[in-house]
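First the structure, in the form of structure tokens, and then the observations on it.
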Amino acid sequence: MQPIGVFDSGYGGLTVLKELVKKMPQYDYLYLGDNARAPYGTRSFESVYQYTLECVKHLFSMNCSLVVLACNTASAKALRNIQQKDLPLIDPAKRVLGVIRPTSEIIGNYTTSKHIGILGTSGTITSGSYKIEIEKFFPEIQVHQEACPMWVPLVENGEYNSPGADYFIKKNIDQLLIQSPQIDCIILACTHYPLLINKIKQFLPAHITLLSQGEIVADSLSDYLIRHPEMDKLCSKNSKRIFYTTDASESFDQQAEVFFGQAVKSRHLSL
Ligand code: DGL
């Protein structure tokens with residue numbers, strides 16, 4: 001089996017995997033959540049890079065030729081180094097893709113005012129990766145950003161529906177919207193945030209479009225595999241899904257269903 005590897009710091013990438021499976025059910029997928037070391041969002045550049053590289057190497061050793069970093073923080077802080085420095089040494093035939101570029105490529109289709117908002121972890125926001133990528137495709141777009149450091153812990157701890165979540169969600173949305181009354185589109189630039197979508201909508205004016213990344217990444221990967229038949233050949237198609245977590249598999253399975261939308265049976269991976 002040669003599955004497509006899907007990596008996240010914890011559960012968030014399951015919201016992307018769910019859409020990959022929906023769009024391309026024929027492929028085999030191997031998900032790895034580094035729950036033991038999540039969240040990544042407040043960690044240093046060096047730690048996120050080292051942790052991500054270690055997990056990518058595990059996915060390669062489990063026969064994945066193509067790995068998707070279904071994590072904005074890892075895409076922001078580790079992807080470029082892995083693609084440019086590590087892959088040529090490890091195996092130039094393997095590929096690692098992220099979630100920031102596919103989102104940046106299409107964002108122009110969703111804004112009329114040319115003012116967009118980014119909500120993400122502190123790591124993603126301070127990296128400036130969205131500003132840099134969006135500038136390449138849509139230099140006319142003004143990017144406003146807000147870090148939401150409490151949102152991933154709320155989700156990882158199962159508090160995403162609690163009244164306590166409201167305080168932090170409203171606070172960060174208000175801080176984003178105050179930056180420009182013209183914002184007409186907001187990217188949920190963290191794969192954990194789709195679980196907060198109903199609460200986020202409560203605090204947003206109705207005219208603002210809210211984009212989460214699952215479908216965008218699925219469309220982009222499908223397009224990539226059509227454009228790269230040599231990579232497509234290296235991805236087996238038996239509709240198998242395998243889940244690994246670096247933490248306890250029992251607790252992973254309990255939480256994962258909410259993100260993936262189906263029951264999950266994971267295995268533990270020791271790093
Ligand atoms: N889900 C990840 C992202 O998209 C990060 C969560 C974390 O802080 O570990 O950024």
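Just need a number here: residues in the range 154-201 that are among the β-branched types (Val, Ile, Thr), under 22 Å from Asn35 (Cα atoms) and open to solvent by 60 Å² or more (accessible area, probe 1.4 Å). Number of matching residues: 0. When every residue of the range 1-8 is checked against the conditions, at least one turns out to be surrounded by 24 or more Cβ atoms within 10 Å (Cβ to Cβ) and of a type in the set (D, E, K, R). Within the range 6-26, the set of residues being basic (Lys, Arg) and within 16 Å of the ligand (Cβ to nearest atom) comprises Lys18 only. In the range 253-271, of all residues being in a helix (DSSP H, G or I) and without any contact (Cβ under 8 Å) to a residue 12 or more places away in the chain, the one that is surrounded by the most Cβ atoms within 10 Å (Cβ to Cβ) corresponds to Glu257. Considering the range 91-101, the residues that are part of a loop (DSSP other than H, G, I, E, B) and among the hydrophobic types (A, V, I, L, M, F, W, C) include one that is farthest from the ligand (Cβ to nearest atom), namely Ala93. In a helix (DSSP H, G or I), open to solvent by less than 40 Å² (accessible area, probe 1.4 Å) and modelled with pLDDT of 95 or more: does that describe Ser104? For Ser104, the condition - in a helix (DSSP H, G or I), open to solvent by less than 40 Å² (accessible area, probe 1.4 Å) and modelled with pLDDT of 95 or more - is met.
Applying a threshold of 7 Å to beta carbon distances and a minimum spacing of six or more residues, or different chains, the list of pairs starting in the range 67-78 at a residue that is over 13 Å from Ala218 (Cα atoms) and ending at one that is among the aromatic types (Phe, Trp, Tyr) and near the ligand (Cβ under 7 Å from one of its atoms) reads Cys71/Tyr40; Thr73/Tyr40; Ala74/Tyr40.
Within the range 1-36, if we keep just the residues that are farther than 17 Å from Cys235 by Cα and in a loop (DSSP other than H, G, I, E, B), the residue that is nearest to the chain's Cα centre (by Cα) turns out to be Gly12. No other residue among Ser180, Ser222, Ser212 is modelled with pLDDT under 95 and of a type in the set (Ser, Thr, Tyr) apart from Ser212.
Residues are listed down the side, and each one gets a yes or a no for (1) within 12 Å of the ligand (Cβ to nearest atom); (2) within 15 Å of Cys190 (Cβ to Cβ); (3) open to solvent by 40 Å² or more (accessible area, probe 1.4 Å):
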position: Asp28; (1), (2), (3): no, no, no
position: Ala36; (1), (2), (3): yes, no, yes
position: Glu54; (1), (2), (3): no, no, yes
position: Leu59; (1), (2), (3): no, no, no
position: Cys64; (1), (2), (3): no, no, no
position: Cys71; (1), (2), (3): yes, yes, no
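For the range 120-146, the set of residues classified as part of a strand (DSSP E or B) and over 20 Å from Thr15 (Cα atoms) consists of Gln142, Val143, His144, Gln145, Glu146, listed by residue number.
The values are calculated or read from the model by the stated rules, or taken from the named source; none is laboratory data. Just so you know, these numbers come straight off a predicted model, no measurement behind them. With ideal geometry, Cβ positions are generated from the backbone for all residues, glycine too; neighbour counts draw on all protein chains shown. SASA here: full protein model, heavy atoms, side chains in, ligands and nucleic acids out. Shrake-Rupley method; radii C 1.70, N 1.55, O 1.52, S 1.80 Å.
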